Amino acid sequence: MKIYIPHDTSSLSLGADEVLAAITAKYPDIEIIRNGSRGLYWLESLIEVETDKGRVGYGPVSIDDIPSLFEAGFPEGGSMHPLYLGKVEELEAFKRQNRLTFANCGVSDALSTEDYKFEALEKALKLSPQDIVNAVKDSGLRGRGGAAFPTGIKWQTVLDTKSEKKYIVCNADEGDSGTFADRMIMEGDPYCLIEGMMIAARAVEASQGYIYLRSEYPNTAKILQQAIDNAYEAGHLGKGFDLEIRMGAGSYICGEETALLESLEGKRGMIRYRPPLPAIEGLFGKPTALNNVITLASIPFILAQGAKAYQNHGAGKSKGTLTIQLCGNVKYPGLYEMDFGVSLKELLYGIGGGTATGRPIKTVQCGGPLGAYLHESQFDTPMTYEDFAKAGAMLGHGGVVVFDDSVDMAQQARYAMEFCSIESCGKCTPCRIGSTRGVEVIDKIISNVERDQNLELLEDLCEVMTDGSLCAMGGLTPAPVLSALKYFPEDFGLLPKKKAA
Amino acid sequence: MTNWNAEAAQKIVQGKANLPGALLPVLHALQAEFGYINPDFVPEIAKALNLSRADVHGVLSFYHDFRDKPPSERVIKICRAEACQAMGASKLEDHIKRSDVTLEPVYCLGNCACGPAVMIDDKTYGRVTPEKLEELLS
């Protein structure tokens, strides 16, 4: 008899450890496995029991449910409890997914080096660096951090740049609100990331790797460090490739790759001018392959199953799967790994079940705080990089934040500017000063002070920020502002408010 | 957390001084031990890492995490980002106006599917209501 209790931060935030303590107090001899989350977060804490009859789930379990679960014979897989779910893989929300990158997440003991086989690495070791780069190119994998740059091309540049020292840096500074896929895989399948980085190291001939992890994730740091220690002990790491975690310090801009490199070097997280590209002159001036967590964690599948197997998923130029993180005010929030191409509407209503509050969905913000707000009229947009760009929006890292009709879009626009003013690194003027002026101008518009002039000023300011900023922080902050203004003018006092239904 | 002690701080700095890009790991280690970084100690850090005092001060003041004075016994971070806003996190902020805790803003705890999210010391909590917050703090 085995019980699976996730050590995922979200599960713990809902009391998974307290549930664990209550179970072991009653059954001290039971075998406990700490897995990652399955990503069906409305069912967390989701506890699974493996008996002779198979593996079945219960959720959402809180400490108050423990007595009745025991009564229902929960350690034997008793099905007469309202929280009984049956097999998790057979739940509708799970069946609709294509779990390539997250295949192992939540399934087995996250930290067991015996369960994780490193099969992709074995294959990679038989290939030349160029062959690995070619496989990644053929797969069509693009950077999952948001910019969607073809990973194979980036690696080719690093491979082609001769240097006695090269680095692999993993960007685990998952600062965008509405994103948690990086955290989830680092906690639920850390060896997948480690293996991806080891393959990357072989592909570009790097000897040192760093994972730059945000400090808001202390639980992730603990699990990932344990995984790295175990990987050293099992002899996977330390043979020509070393790996270390470095903690960020609460700065959003350090998710921008050049600011991240500055931070890793022990400096203020100020962005760098490009060129030179980090692939040519990156960390400590050496060629550096800098990739997002999910990008690197997608590598083992590609090497193990082949580029073609990955390429067969997706739509158009958006190959493979997107790890959609559906959250905010939504009934069934979670991580859904699906082929590119599912429509936003299907995601929001078919999978997400509408809002958690039961009110109508007013808008969704995709791609983090720098992503546009989408209006209901755009909900038919298929989730691919190209279709979102056409709709004036951004897919980014795959985060989708849902808002019901109580949201005030003028306040959201103001928040976008305010966030930029707090998190701007300060290097370029449009971002540093523009965001502060943006807050002031939006305040004036809201309180009807010279509204027409200030609207013109805001649009002008947004144009300067878009065209004149050095990086995406200042360059994309206007996206949520202008989309809010365009689609929800009534919230800015520009049109009479629609009467509530 | 222990009270500031220059000798112990010096040991922590020396232990990490040889790392490439050592400043952030050094500052994190100091803050983990003492809860803050004493501004009077900046020259010592600069000397040990062969940096200017301005370099060290610049880094200390750039990052939100680093404190220059000791925090209260409890540090509470309420997520202010969009996903938690959508679930009414601002109500929590209004709720907790008390002097015995250090309230720090945070933009995303990665708990977006279980918002509103709050971090108390190093532990994250999800689906937090004003009542639950009160319970956690009592």
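The values are calculated or read from the model by the stated rules, or taken from the named source; none is laboratory data. Because the structure is a prediction, the values reported are computed rather than measured. Because the Cβ atoms are built from the backbone with ideal geometry, glycine has one as well, and the counts that use them run over all protein chains shown.
Please go through the range A:317-336 and give me each residue that is within 14 Å of chain B (Cβ to nearest Cβ) and either more than 11 Å from the chain's Cα centre (by Cα) or among the hydroxyl-bearing types (Ser, Thr, Tyr) (or both), ordered by number.
Within the range A:317-336, A:Thr323, A:Cys327, A:Gly328, A:Asn329, A:Val330, A:Lys331, A:Tyr332, A:Pro333, A:Gly334, A:Tyr336 meet the criteria.
Scanning the range A:337-360 for residues that are within 14 Å of chain B (Cβ to nearest Cβ), in contact with a strand residue (DSSP E or B) (Cβ under 6 Å, 6 or more places away or on another chain) and surrounded by fewer than 20 Cβ atoms within 10 Å (Cβ to Cβ), which turns out nearest to B:Cys84 (Cα to Cα)?
So, considering only residues that are within 14 Å of chain B (Cβ to nearest Cβ), in contact with a strand residue (DSSP E or B) (Cβ under 6 Å, 6 or more places away or on another chain) and surrounded by fewer than 20 Cβ atoms within 10 Å (Cβ to Cβ), the one nearest to B:Cys84 (Cα to Cα) is A:Thr357.
Among the strands (runs of 3 or more DSSP E) lying completely within the range A:334-383, list those that include at least 2 residues that are over 12 Å from A:Ile324 (Cβ atoms) and in contact (Cβ under 8 Å) with a residue 40 or more places away in the chain.
Of the strands (runs of 3 or more DSSP E) lying wholly inside the range A:334-383, those with at least 2 residues that are over 12 Å from A:Ile324 (Cβ atoms) and in contact (Cβ under 8 Å) with a residue 40 or more places away in the chain span A:361-366, A:373-375.
Can you spot a residue in the range A:179-188 that is closer than 21 Å to A:Thr321 by Cα and away from chain B (no Cβ under 11 Å)?
Looking for residues that are closer than 21 Å to A:Thr321 by Cα and away from chain B (no Cβ under 11 Å), one finds at least one in the range A:179-188, hence yes.
Restricting to the range A:279-293, name every residue that is touching a Ser or Thr at 6+ places or on another chain (Cβ under 6 Å) and within 14 Å of chain B (Cβ to nearest Cβ).
A:Gly282, A:Lys286
For the range A:368-411, what are the residues that are closer than 19 Å to A:Glu337 by Cα and within 11 Å of chain B (Cβ to nearest Cβ)?
If the condition is that a residue be closer than 19 Å to A:Glu337 by Cα and within 11 Å of chain B (Cβ to nearest Cβ), then A:Gly368, A:Gly399, A:Val400, A:Val401, A:Val402 are the ones that fit.
Are there any pairs with C-beta distances below 6 angstrom linking a residue in the range B:53-70 that is within 9 Å of chain A (Cβ to nearest Cβ) and within 16 Å of B:His28 (Cβ to Cβ) to a residue that is crowded, with 16+ Cβ neighbours inside 10 Å and of a type in the set (A, V, I, L, M), with the two at least 6 apart or on different chains, and if so which?
As it stands, the answer is B:Val59/B:Leu23; B:Tyr63/A:Ala249; B:Asp65/A:Ala249; B:Phe66/B:Leu27; B:Phe66/B:Ile37; B:Phe66/B:Leu60, since those pairs meet every condition given.
Residues in the range A:148-185 that are more than 17 Å from A:Gly398 (Cα to Cα), assigned to a loop (DSSP other than H, G, I, E, B) and not hydroxyl-bearing (Ser, Thr, Tyr): how many?
Counting residues in the range A:148-185 that are more than 17 Å from A:Gly398 (Cα to Cα), assigned to a loop (DSSP other than H, G, I, E, B) and not hydroxyl-bearing (Ser, Thr, Tyr) gives 4.
Please pick out the residue among A:Ala124, A:Ala120 that is more than 23 Å from A:Arg246 (Cα to Cα), buried (at least 17 other Cβ atoms within 10 Å of the Cβ), more than 24 Å from the chain's Cα centre (by Cα) and not aromatic (Phe, Trp, Tyr).
Testing whether each residue is more than 23 Å from A:Arg246 (Cα to Cα), buried (at least 17 other Cβ atoms within 10 Å of the Cβ), more than 24 Å from the chain's Cα centre (by Cα) and not aromatic (Phe, Trp, Tyr) leaves just A:Ala124.
From the residues in the range A:266-278 that are within 13 Å of chain B (Cβ to nearest Cβ) and without any contact (Cβ under 8 Å) to a residue 60 or more places away in the chain, which one is surrounded by the most Cβ atoms within 10 Å (Cβ to Cβ)?
So the residue we want is A:Gly266.
Any idea which of A:Gly475, A:Gly398, A:Gly468 is closer than 16 Å to A:Gly371 by Cβ and either surrounded by fewer than 18 Cβ atoms within 10 Å (Cβ to Cβ) or assigned by TED's automatic domain parsing to the domain that holds A:Thr355 (or both)?
On inspection, the qualifying residue turns out to be A:Gly398.
If you scan the range B:99-135, which residues turn out to be surrounded by fewer than 15 Cβ atoms within 10 Å (Cβ to Cβ), outside any loop (DSSP other than H, G, I, E, B) and within 9 Å of another protein chain (Cβ to nearest Cβ)?
If the condition is that a residue be surrounded by fewer than 15 Cβ atoms within 10 Å (Cβ to Cβ), outside any loop (DSSP other than H, G, I, E, B) and within 9 Å of another protein chain (Cβ to nearest Cβ), then B:Pro105, B:Lys123 are the ones that fit.
Restricting attention to the range A:9-44, which residues are out of contact with any Cys (no Cβ under 8 Å at 6 or more places or on another chain) and at the interface with chain B (Cβ under 10 Å from one of its Cβ atoms)?
Result: A:Thr9, A:Ser11, A:Leu12, A:Gly15, A:Asp17, A:Leu40, A:Trp42.
Scan the range B:28-40 and tell me whether some residue there is at the interface with chain A (Cβ under 8 Å from one of its Cβ atoms), assigned to a helix (DSSP H, G or I) and of a type in the set (D, E, K, R).
no
Pick from A:Val439, A:Val464: which is in contact with an Asp or Glu (Cβ under 7 Å, 6 or more places away or on another chain) and free of Cβ contacts under 8 Å to residues at least 40 places away in the same chain?
Among A:Val439, A:Val464, only A:Val439 is in contact with an Asp or Glu (Cβ under 7 Å, 6 or more places away or on another chain) and free of Cβ contacts under 8 Å to residues at least 40 places away in the same chain.
Give the number of residues within the range A:412-434 that are buried (at least 21 other Cβ atoms within 10 Å of the Cβ), within 11 Å of chain B (Cβ to nearest Cβ) and among the aliphatic types (A, V, I, L, M).
Qualifying residue count, the range A:412-434: 1.
Does the range B:81-98 hold any residues that are within 9 Å of another protein chain (Cβ to nearest Cβ) and either surrounded by fewer than 21 Cβ atoms within 10 Å (Cβ to Cβ) or part of a strand (DSSP E or B) (or both), and which are they?
If the condition is that a residue be within 9 Å of another protein chain (Cβ to nearest Cβ) and either surrounded by fewer than 21 Cβ atoms within 10 Å (Cβ to Cβ) or part of a strand (DSSP E or B) (or both), then B:Gly88 is the only one that fits.
For the range A:294-302, indicate whether the set of residues that are at pLDDT 95 or above and out of contact with any Gly (no Cβ under 8 Å at 6 or more places or on another chain) is non-empty.
Yes, that holds for at least one residue.
Taking A:Ala309 as the residue in question, decide whether it is under 22 Å from A:Met383 (Cβ atoms), more than 13 Å from chain B (Cβ to nearest Cβ) and out of contact with any helix residue (DSSP H, G or I) (no Cβ under 6 Å at 6 or more places or on another chain).
In short, yes.
Do any helices (runs of 4 or more DSSP H) entirely within the range A:47-147 hold 2 or more residues that are of a type in the set (Val, Ile, Thr) and modelled with pLDDT of 95 or more, and if so, which?
Qualifying helices (runs of 4 or more DSSP H): A:129-139.
When you go through A:Ser298, A:Ser263 one by one, which is the residue that is in contact (Cβ under 8 Å) with a residue 60 or more places away in the chain and either within 26 Å of A:Glu216 (Cα to Cα) or part of a loop (DSSP other than H, G, I, E, B) (or both)?
So the residue among A:Ser298, A:Ser263 that is in contact (Cβ under 8 Å) with a residue 60 or more places away in the chain and either within 26 Å of A:Glu216 (Cα to Cα) or part of a loop (DSSP other than H, G, I, E, B) (or both) is A:Ser298.
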